[in-house]
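Working notes, beginning with the structure itself.
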Amino acid sequence: MSGRRRPRPRTLRTRLVVASVALIAVVCAVIGTVTTVALRSHLYDQLDGQLDEVVGRVSGLGPPGGPKGGGQGPLRMDLDAFVTRGPQPRHTIVADVRDGVVVDAKYGRDSDESTDLSGMTAVPLSAEQRAALATVPQDGGAHTTEIPGLGDYRVEYRAGADGSYYAAVPTSGVTGTINTLVLVEASVTAAGLIAASLAGTVIVGVATRPLRRVAATATRVSELPLHAGEVNLNERVPESECDPHTEVGRVGAALNRMLNHVHGALHARQESETRVRRFVADASHELRTPLASISGYAELTRRGGEEVGPDTRHALGRIESEAGRMTLLVEDLLLLARLDAGRPLEFGQTDLVPLVVDTVSDARAAGLGHNWRLDLPEEPASVSADAARLQQVLVNLLGNARNHTPPGTTVTARVRADGAWLCVDVEDNGPGVPAELLPHVFERFARGDSARSRATGSTGLGLAIVQAVATAHGGGVTVDSVPGRTVFTLHLPALRQRQRQSAPPRSQAHQSLTTQVHHSLTTRVRQES
């Protein structure tokens with residue numbers, strides 16, 4: 001049951017047409033049934049009237065020529081003459097009954113060889129046919145029975161002056177009329193349903209056109225990027241479809257009012273975000289100069305020739321440390337404000353391989369307690385990017401792996417191709433990102449407990465900068481973390497193949513430096529293993 005596919009929901013237009021056609025079909029079926037039953041009842045009443053006349057004639061009239069053999073009781077009528085001459089219906093059956101037993105039975109059959117002007121000839125019934133006729137109750141009422149080989153007959157028994165008789169008239173005329181009526185009703189109903197389907201599709205389509213326009217407007221609005229940035233919400237339902245006297249028009253008018261409210265709210269949100277970003281950028285810019293002055297004066301005082309006590313030296317050291325920490329925070333805030341404002345980056349063709357090698361080399365110098373590995377392709381990995389910003393992204397990712405893992409952790413930087421993307425993986429075998437922090441790891445000021453230590457100097461903005469820079473390059477960043485394996489992946493659009501082929505080769509000195517660093521890192525890994 002769970003694997004069965006659910007039927008696709010039908011549109012309102014389809015449901016209305018199907019419902020209308022079904023209603024018409026039910027009405028036609030009821031009318032046809034009532035008409036057929038009424039006509040059948042009327043035709044059988046007429047047939048019973050004819051049967052009553054036939055059985056009256058056969059039981060009340062003696063044979064032509066008067067009685068014969070006087071004293072021998074009433075004479076039986078001539079069955080051959082009765083079934084071949086009118087006015088009784090064609091194919092009428094007459095049976096002579098004596099002591100409750102059918103002794104003789106005849107029916108009129110069409111015959112081209114008959115010399116009778118009626119064109120009928122009397123044919124005796126077989127024993128099986130007479131037995132079937134004898135099963136009809138002798139109660140004087142009309143009954144329908146099947147005579148083998150002849151079909152259905154309306155049969156009545158009556159006792160008269162000349163004896164007792166069965167008279168039967170065929171029901172084929174009534175049955176044929178009813179069948180023809182049913183066929184005509186079915187054909188007319190089918191044609192009417194087809195015509196109703198076509199007309200209903202057109203009429204309902206015209207009636208629901210305003211609703212489709214409202215739905216199209218709502219669909220276009222739903223496809224707009226409303227979550228961030230400046231949004232121009234200009235989509236509206238046409239005024240011609242906003243008639244307040246119709247249900248669809250009221251829906252369109254309500255949707256337009258809602259869009260006006262949403263547009264106003266988004267515009268107010270954008271203005272508020274713009275003011276906040278401008279304030280952060282201005283504040284960050286203005287704070288850099290006093291922070292530099294504080295650091296400079298603290299260093300100047302510490303290096304002066306005057307004798308200062310240990311407490312003063314400690315205080316100066318703390319001033320320099322906190323000034324440096326504050327400077328990093330201000331620089332990160334300023335960068336995020338510029339990225340949010342959409343400042344253009346300096347794009348150029350950049351090879352990720354030497355960039356990763358240089359960044360890992362710097363990270364190794366800063367984290368000698370970790371094991372650093374490189375997994376690089378043989379060919380250049382060229383992207384269109386701002387090399388300085390990409391280097392900052394890699395520094396943040398490697399620094400994040402260094403600061404939040406214990407000494408002895410192996411950190412691997414990998415460059416690989418994934419379809420139309422070039423990916424840079426920074427993988428470590430540390431304890432992993434806490435599960436409660438993982439969904440918010442790229443949010444600003446999102447930090448775990450260990451990240452709040454002043455020894456690390458973390459501001460909680462490093463991964464937010466990584467995501468902002470990756471988004472500005474048309475890519476993204478993802479994280480996959482379990483205890484013992486954490487992978488941050490930077491996705492960047494790769495250059496086209498022709499651009500890769502036309503990329504200038506790296507200089508011999510840069511290639512030598514890459515080889516030297518790679519060899520040094522490989523040697524260190526082997527020694528530590």
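The values are calculated or read from the model by the stated rules, or taken from the named source; none is laboratory data. Since this is a predicted model, take the numbers as computed values, not measurements. Virtual Cβ from ideal backbone geometry, glycine too; neighbours counted across all protein chains shown. Just the protein is used for accessible areas: all its heavy atoms, side chains included, with ligands, DNA and RNA removed. Shrake-Rupley method; radii C 1.70, N 1.55, O 1.52, S 1.80 Å.
Averaging Cα coordinates gives a centre for segment 192-270 and one for segment 19-38; these two points are 38 Å apart. Net length available on complete extension from R269 to L12 is 88.8 nm, with 0.36 nm assigned per residue and the Cα-Cα distance removed. Quick one: if the Förster radius is 30 Å, what FRET efficiency do S172 and L193 give, using the C-beta to C-beta distance and rounding to 0.05? FRET efficiency, S172 to L193: 0.45. Label-to-label distance, A420 versus T312, with points set 7 angstrom from Cα along the beta-carbon direction: 6.6 nm.
In this structure, the amide hydrogen of R444, modeled 1.01 Å from its nitrogen in the peptide plane, lies closer than 5 angstrom to no residue at least 5 positions away or on a different chain. Take the Cβ atoms of E378 and Q349, set R0 to 22 Å, and the FRET efficiency comes out at 0.75. As a fraction of the 1.4 Å probe accessible area of segment 141-277, surface on carbon and sulfur atoms comes out at 62 percent.
Sort 148-160, 195-207 by packing, meaning the average of other beta carbons within 10 Å per residue, with the highest value first.
By packing density, highest mean first, the sequence is 148-160, 195-207.
Label positions at T145 and A388, each projected 7 Å from the Cα along the C-beta direction, are separated by 11.4 nm.
Farthest towards the positive end of the charge dipole of segment 90-215, among the residues V188, T177, T208, is the Cα of T208, using unit charges on the Cβ of Lys, Arg, Asp and Glu.
Extension gain for S41 to A366 (0.36 nm times residue separation, less C-alpha to C-alpha distance): 106.4 nm.
Per 0.36 nm of contour for each residue apart, how much would the distance between S126 and T327 grow if the chain were fully extended, relative to their Cα-Cα spacing?
Gain on extension, S126 to T327, equals 60.2 nm.
For segment 187-277, the set of GluC sites (Glu not before Pro) satisfying both a DSSP loop assignment and a count of at most 11 other C-beta atoms within 10 Å is given as E223.
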